[in-house]
Amino acid sequence: MALRRWMRRRKRTELRVTQVLSHALLLAAFWLVFSGKFDAFHLALGAASVAAVLIFNDAIRRLSPARGGPQARDRARLPVVLLYLPWLLWQIVSSAAYVTRLILAPRERVDPRLVHFRCDLPNEVADVVLGNSITLTPGTLTLDIQDDEFVIHALDQGVADGVLSGTMQRRVAQMWGGAGEVTEPRVDTGEES
């Protein structure tokens with residue numbers, strides 16, 4: 001029994017070492033290709049950068065994966081991620097067109113507001129992905145994420161409605177097998193009632 005447990009632990013360790021080494025080699029190759037400099041100073045910078053990225057990735061990997069309990073997934077599902085990225089790119093392009101029209105059209109009016117909502121995502125990494133996705137979309141900026149409450153700056157009511165529609169939240173949650181329902185939506189316009 002103890003031998004079997006030791007063998008499993010050793011296999012996991014070997015797999016982890018292989019993953020770290022393959023990531024290090026891939027990052028070093030990218031550094032060499034994109035820097036194009038092979039003197040000692042730049043190679044040392046490259047080695048330090050690779051080490052920093054590996055340490056940062058390890059810290060992210062250790063984030064608490066299961067806020068939602070044991071059924072919450074700690075890794076995103078690759079097919080869903082591959083479907084999400086083109087959708088996000090389309091959201092960025094269409095939002096950029098909307099914001100451009102909003103700014104350049106003389107009849108349109110920028111009317112900023114803060115949007116507050118709760119979204120039950122499976123883990124902290126999903127929270128960060130949602131916050132970054134919202135920030136990447138023109139006209140919105142994620143200001144704060146505390147537990148499962150998000151505070152977003154929106155350029156106008158149309159942008160705020162887009163954030164509160166819950167589409168992006170559901171798509172991010174699907175990457176980890178969650179639902180991503182928006183609850184407790186609230187919009188602050190900054191006007192006194």
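Quick look at the numbers
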read-out: Value at 222 nm in deg cm²/dmol, rounded to 500, when DSSP H runs of n ≥ 4 in the chain each add -39,500 (n - 2.57); value: -20000 deg cm²/dmol
read-out: Distribution of pairwise C-alpha distances over segment 68-193, 10 Å bins, in %; value: 13, 44, 31, 10, 2, 0
read-out: Degrees separating the helix 124-136 axis from the principal Cα axis of the chain, which is the longest one; value: 50
read-out: Degrees separating the helix 40-61 axis from the principal Cα axis of the chain, which is the longest one; value: 70
read-out: Whole-angstrom gap from segment 90-145 to segment 20-36, using each part's C-alpha centre; value: 33
read-out: Mean accessible surface per residue for segment 115-193, computed with a 1.4 Å probe while every protein chain stays in place, in Å²; value: 47
read-out: The chain: relative contact order in percent, alpha carbon pairs under 8 Å with at least 6 residues between; value: 22
read-out: Degrees between helix 2-35 axis and first principal axis of the chain (Cα, 0 to 90, nearest 10); value: 60
read-out: Most mobile of LEU136, LEU78, LEU164 in a GNM of the chain (Cα contacts under 10 Å); value: LEU78
read-out: LEU85 versus LEU26: modelled label distance in nm, points set 7 Å from Cα along the beta carbon direction; value: 1.1
read-out: Derived scalar couplings ³J(HN,Hα) [segment 81-90; Karplus, 6.51 cos²θ - 1.76 cosθ + 1.60; whole Hz; x for Gly, Pro]; value: 4, 5, 7, 5, 4, x, 4, 4, 4, 5
read-out: Listed peptides 2-14, 172-184, 22-34 by packing density, highest first (mean Cβ within 10 Å); value: 172-184, 22-34, 2-14
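The values are calculated or read from the model by the stated rules, or taken from the named source; none is laboratory data. None of the values given here were measured: they were computed from a predicted structure. No Cβ is skipped: glycine too gets one built from the backbone with ideal geometry, and neighbour counts run over all protein chains shown. These accessible areas exclude ligands, DNA and RNA; they are computed on the full protein's heavy atoms, side chains included. Shrake-Rupley method; radii C 1.70, N 1.55, O 1.52, S 1.80 Å.
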